[in-house]
Amino acid sequence: SLTGDASKSATISDGGSYSWEVKTGGNYTISASATGVDFVQSSETYSNLQVDAGLIFEAIKNVTISGSLTLEDGSSISGVTVSLSGDAQESQTVDGSYSFTVKAGGQYSVSPSKTGVSFSPSELSNTVVTNDITQDFVGEVWITISGTVTGADGVTVTLSGTLAGSQI
């Protein structure tokens with residue numbers, strides 16, 4: 001769009017061009033915007049414009065890395081810290097799902113963490129992201145059985161039992 005001493009706008013497709021005739025000596029701002037798109041330079045202001053001018057609007061596409069955080073039974077896991085690393089860094093504590101908006105073409109890793117929970121996969125590792133992607137993580141809760149032996153040496157401590165019908 002063009003604003004200032006004149007106002008004009010046009011919707012342009014990829015590779016298209018724009019051209020407006022304006023009066024010499026005017027003050028103008030030219031800008032570009034599109035949903036879900038950032039630009040290397042999104043606007044330029046000209047004061048007392050005396051010569052032809054213009055700007056190439058180079059789009060930087062944004063994409064989303066998102067997914068769910070569930071237990072094996074499909075229930076959501078709350079209080080999970082999900083970390084994004086690579087060409088962007090961010091961390092968020094979420095309940096059941098996460099979402100990061102990143103620049104397309106970047107290389108990213110995503111990893112969930114919560115004390116007492118082991119996730120599969122453990123991370124989305126060094127992935128070049130060109131389109132929206134979904135990476136779900138399934139957690140398994142682990143607890144600790146521990147104790148102390150006192151008054152004797154050479155004691156063998158054994159754990160046995162079952163989990164959902166399987167021998168440990």
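Brief remarks on what is shown
- Annotation for Ser120 and Leu2: the two label points, set 7 Å from Cα along the Cα-Cβ direction, are 6.2 nm apart.
- Its Cα centre serving as origin, segment 46-98 has a Cβ charge dipole (Lys and Arg +1, Asp and Glu -1) of approximately 120 debye.
- Cα pair distances exceeding 17 angstrom across segment 67-139, given as percent: 37 percent
- In this label model, Ser75 and Gln135 are separated by 2.7 nm, measuring between points 7 Å along each Cα→Cβ vector.
- Beta bridges from DSSP with both residues in the chain: antiparallel share about 90 percent, rounded to the nearest 5.
- Percent accessible area from carbon and sulfur atoms, segment 95-136, protein chains only, probe 1.4 Å: 40 percent
- Taking a straight Cα-Cα cut-off under 26 Å and skipping sequence neighbours fewer than 8 places away in the same chain, the lysines within cross-link reach of Lys61 are Lys8, Lys103.
- Exposure rank, largest accessible area first [Val40, Val138; 1.4 Å]: Val40, Val138
- Structure-derived volume of the Cα convex hull per residue in Å³: which label, when the choices are (i) 138; (ii) 187; (iii) 98: (ii)
- Label point 7 Å beyond Cα of Lys103 along Cβ direction - residues of segment 59-76 with amide nitrogen under 20 Å: 59-66
- Taking the Cα centre of the chain as origin and assigning +1 to Lys and Arg Cβ atoms and -1 to Asp and Glu Cβ atoms, the resulting dipole is close to 180 debye.
- The figure for Ser33 is an accessible area of roughly 110 square angstrom, using a 1.4 Å probe on the protein chains alone.
- Once the Cα gyration tensor of segment 1-87 is diagonalised, semi-axes √(5λ) in Å: 45, 13, 11
- Per residue accessible area in Å² of segment 1-123, where ligands, DNA and RNA are left out and the probe is 1.4 Å: 61 Å²
The values are calculated or read from the model by the stated rules, or taken from the named source; none is laboratory data. What you are looking at is a predicted structure, and each value in this text was computed from that prediction instead of being measured. Positions of Cβ are generated from backbone atoms using ideal geometry, with glycine treated the same way; all protein chains shown enter the neighbour counts. All accessible areas refer to the heavy atoms of the entire protein, side chains included, with ligands and DNA or RNA removed. Shrake-Rupley method; radii C 1.70, N 1.55, O 1.52, S 1.80 Å.
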